[in-house]
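As C-alpha cells, the structure follows; a few thoughts come after it.
The values are calculated or read from the model by the stated rules, or taken from the named source; none is laboratory data. Because the structure is a prediction, the values reported are computed rather than measured. Methodologically, a virtual Cβ is constructed for each residue, glycine included, from the backbone with ideal geometry; neighbour enumeration extends over all protein chains shown.
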Amino acid sequence: MKMIAAVIKPFKLDDVKKALNDAGVQGMTVTDVKGFGRQKGHVELYRGTTYEVNFIPKIKIEVAVPDEKAEEIIRTITETGRTGEIGDGKIFVYDLLDIVRIRTGEAGKAAV
C-alpha cells in the first residue's frame, strides 16, 4: 500500500477532490499548510508598507491506496492540480506497512 501526499494550490482543491472521487478514492485527509519551494515567497504591499511573505498558503491532500492504484492516483492529481505556473506543488509517495481501522480493527487493504 502507498500513502500519497500532494501539496497543491488552494484553488485546485475542489477539482482534485472530484477527480480523486471519480477515480475511486473513498477517503482523504485535507490540511491547510504553508511553505515554499522555488518560489521563495513573495512581496506584498499593505497600507503603503511592503513586506515579504516567506510561506505561501497551500493545501495538503493525503490518500492511502493499494499499490496497483498508486500510479493512476498520482497521474490524476498531477493532471488535475497542474496550472503550468511555478508553485503548482509536489506529490510525495510513501510505503505503508499497515493500516488499522480503529472502529472495527480491520487491517491492511480492508481498512482502506
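Here's the yes/no breakdown for (1) more than 16 Å from the chain's Cα centre (by Cα); (2) farther than 30 Å from Lys109 by Cβ; (3) of a type in the set (A, V, I, L, M):
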residue: Ile8; (1), (2), (3): no, no, yes
residue: Val16; (1), (2), (3): no, no, yes
residue: Ala23; (1), (2), (3): no, no, yes
residue: Lys34; (1), (2), (3): no, yes, no
residue: Ile56; (1), (2), (3): no, yes, yes
residue: Asp67; (1), (2), (3): yes, no, no
residue: Arg75; (1), (2), (3): no, no, no
residue: Thr80; (1), (2), (3): no, no, no
If the Cβ limit is 7 Å and pairs must be 6+ apart or interchain, which residue in region 47-63 that is at positive phi and part of a strand (DSSP E or B) pairs with which residue that is surrounded by 10 or more Cβ atoms within 10 Å (Cβ to Cβ) and of a type in the set (A, V, I, L, M, F, W, C)? none
Take Ile73 and tell me if it is modelled with pLDDT of 95 or more, surrounded by 12 or more Cβ atoms within 10 Å (Cβ to Cβ) and outside any strand (DSSP E or B). yes
Filter result for Lys40 (among the basic types (Lys, Arg), at pLDDT below 95 and part of a helix (DSSP H, G or I)): no
Which of the residues spanning region 76-112 are among the hydrophobic types (A, V, I, L, M, F, W, C), in a loop (DSSP other than H, G, I, E, B), out of contact with any Pro (no Cβ under 8 Å at 6 or more places or on another chain) and within 17 Å of Ala5 (Cβ to Cβ)? Leu96, Leu97, Ile99
Do you know which of the residues in region 76-112 that are among the small types (Gly, Ala, Ser) and either under 17 Å from Asp15 (Cβ atoms) or out of contact with any strand residue (DSSP E or B) (no Cβ under 9 Å at 6 or more places or on another chain) (or both) is surrounded by the fewest Cβ atoms within 10 Å (Cβ to Cβ)? Gly84
In region 59-70, which residue that is under 10 Å from Ile8 (Cα atoms) and not basic (Lys, Arg) is surrounded by the most Cβ atoms within 10 Å (Cβ to Cβ)? Ile61
Regarding Gly27, is this residue on the phi > 0 side of the Ramachandran plot and at pLDDT below 95? no
